[in-house]
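Colleague: Just passing along the structure, written as structure tokens.
The values are calculated or read from the model by the stated rules, or taken from the named source; none is laboratory data. Because the structure is predicted, anything quoted here is derived from the model rather than measured. Because the Cβ atoms are built from the backbone with ideal geometry, glycine has one as well, and the counts that use them run over all protein chains shown.
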Amino acid sequence: MITKVLQVSDSGNFSGEDIRNIQEAADVIRSGGLAAFPTETVYGLGGNALDADASRKIYAAKGRPSDNPLIAHVSCMEEITPIVSEIPEAGRKLAEAFWPGPMTLIFQKSEVVPYQTTGGLETVAVRMPSDPVAQELIRRAGVPIAAPSANTSGRPSPTKAGHVYEDLNGKIEVILDGGPVGIGVESTIVDVTEEVPTLLRPGAVTMEMLREVVGEVRIDPAIQGPPSKDLKPKAPGMKYRHYAPKADMTIVEGEAEQVIAKINAMAAEKIAEGKTVGIICTDETKDRYPRGIVESIGERARKETIAHNLYAVLRDFDGRGAEFIFSEGFSEDHLGQAIMNRLKKAAGYHILNL
Ligand code: TXA
Ligand code: MG
């Protein structure tokens, strides 16, 4: 299959050509094919969420286990009614506060949503993205769009069209290239099917923001630590070793000066053994690491810059053949919860606490 890459402006001011390109991707999805597209979080790999065959194609293209359910993307509230059996109070409040935006809600599904899309579950994940290209594409497709992140299963999520091309060229019909995404980590997932809403995956809509709207929010214990037999995550996807770079990665946490010294010492040791070493630091510390491939992940003082660069840095180390990666750690409040959740997974929960 030849994968067409179609450019679109991501400003929301579409030219005639932008509209033709979005329509072409919408037609591909309407006729059962797959099109990748930008959202404000990461690029998605889209197919018709109501078509079991399209969902099967998504799993095949990603090499993803088919028990890992997909998120159905909609462009407005009217499109949600047919695919869910009810919208509980907490769900309505969260939708009003954060949609369109980087949040996914879990509802009881209706009969029209095939089990291939929900990985056999009675619930369906729904998200209303704010990205103008995503909005226009969903509207024109006229169906909810099932879209996991548009990466090969196990690789870091794609934050630009080039990442999608690396992973899925030849496997899907179209990639809509709307430039780099804004946020850079996947949406916050909240299960609202039970009395107390539960956070299943942290994202840019933070725990603090959720609590402000609905009061009590539980955290699925499975998102705090490594996968274990007794802790079955409620979001099946969270059990896989996601976001994995090829290198052996370690996060070093503690007081700044000690962290820098420890990373330099470990890097020196591996370099002496002839290994290729990557170091993930910040703008504030990048001049403190004399050896190894040193990449700043952003400004420690501005967490959104770190979320924005996180996956691109991990992919970059893969491309540069890093065998060991040492990363600074970050505080876990606000957006830091999502950042550390992804970094810890990438490191296989290999954390050194000084
Ligand atoms: O930001 C995002 O959410 C991106 C963009 C493309 O919208 N999508 C994304 O999809 O991250 P994916 O497939 O990579 O991650 C979806 C997660 C998985 O962990 C999956 O297990 C969980 O959502 N999920 C989906 N449906 C679920 C359900 N019914 N119950 C619990 N978890 C569910
Ligand atoms: Mg994913």
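Colleague: Quickly run through segment 126-159 and pick out the residues that are under 20 Å from VAL84 (Cβ atoms) and within 13 Å of ligand 2 (Cβ to nearest atom).
Modeller: ARG127, ALA146, ALA147, PRO148
Colleague: Would it be correct to say that ILE339 is assigned to a helix (DSSP H, G or I) and outside the structural domain of ASP167 (by TED's automatic domain parsing)?
Modeller: Working: assigned to a helix (DSSP H, G or I): yes; outside the structural domain of ASP167 (by TED's automatic domain parsing): yes.
Judged against the criteria, ILE339 is a match.
Colleague: A further question on this structure: Take the conditions part of a loop (DSSP other than H, G, I, E, B), assigned by TED's automatic domain parsing to the domain that holds GLY215, within 16 Å of ligand 2 (Cβ to nearest atom) and farther than 26 Å from VAL214 by Cβ and apply them to SER66. Does it pass? Reasoning before the result, please.
Modeller: On the way: part of a loop (DSSP other than H, G, I, E, B): yes; assigned by TED's automatic domain parsing to the domain that holds GLY215: yes; within 16 Å of ligand 2 (Cβ to nearest atom): yes; farther than 26 Å from VAL214 by Cβ: yes.
Judged against the criteria, SER66 is a match.
Colleague: Checking the conditions here, which among GLU257, GLU295 is in contact with an Asp or Glu (Cβ under 9 Å, 6 or more places away or on another chain) and without any contact (Cβ under 8 Å) to a residue 24 or more places away in the chain?
Modeller: Within the list GLU257, GLU295, the selection yields GLU295.
Colleague: Ok, one more. Let me spell it out: the conditions are (1) in contact with a Leu (Cβ under 7 Å, 6 or more places away or on another chain); (2) buried (at least 20 other Cβ atoms within 10 Å of the Cβ), and LYS262 meets all of them except one. Which number is the exception?
Modeller: (2)
For (1) touching a strand residue (DSSP E or B) at 6+ places or on another chain (Cβ under 9 Å); (2) modelled with pLDDT under 95; (3) under 28 Å from GLY321 (Cα atoms), each residue gets a yes or a no:
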residue	(1), (2), (3)
PRO202	yes, no, no
GLU216	no, no, no
LYS246	no, yes, yes
VAL252	yes, no, yes
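Colleague: Could you list all residues from segment 279-313 that are of a type in the set (Val, Ile, Thr), within 18 Å of SER331 (Cα to Cα) and in contact with a Cys (Cβ under 9 Å, 6 or more places away or on another chain)?
Modeller: ILE297 - this is the single residue of segment 279-313 that is of a type in the set (Val, Ile, Thr), within 18 Å of SER331 (Cα to Cα) and in contact with a Cys (Cβ under 9 Å, 6 or more places away or on another chain).
Colleague: Shifting gears a bit: Just need a number here: residues in segment 108-122 that are more than 20 Å from the chain's Cα centre (by Cα) and not in a loop (DSSP other than H, G, I, E, B).
Modeller: Qualifying residue count, segment 108-122: 4.
Conditions tested, residue by residue: (1) touching a residue at least 12 places away in the same chain (Cβ under 8 Å); (2) buried (at least 18 other Cβ atoms within 10 Å of the Cβ).
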position: MET1; (1), (2): yes, no
position: LYS4; (1), (2): yes, no
position: GLN7; (1), (2): yes, no
position: GLU17; (1), (2): no, no
position: ALA26; (1), (2): yes, yes
position: THR39; (1), (2): yes, yes
position: GLY44; (1), (2): yes, yes
position: ASN48; (1), (2): yes, yes
position: ILE58; (1), (2): yes, yes
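Colleague: Out of all the residues in segment 181-207, which are more than 18 Å from the chain's Cα centre (by Cα) and either assigned to a strand (DSSP E or B) or under 18 Å from GLU304 (Cα atoms) (or both)?
Modeller: Residue satisfying the conditions is THR198 alone.
Colleague: Listed residues ILE306, ILE271; which is in contact (Cβ under 8 Å) with a residue 12 or more places away in the chain and crowded, with 17+ Cβ neighbours inside 10 Å? If you could, list the steps in order and put the result at the bottom.
Modeller: Working: ILE271 fails: crowded, with 17+ Cβ neighbours inside 10 Å.
Of the residues listed, the single one that is in contact (Cβ under 8 Å) with a residue 12 or more places away in the chain and crowded, with 17+ Cβ neighbours inside 10 Å is ILE306.
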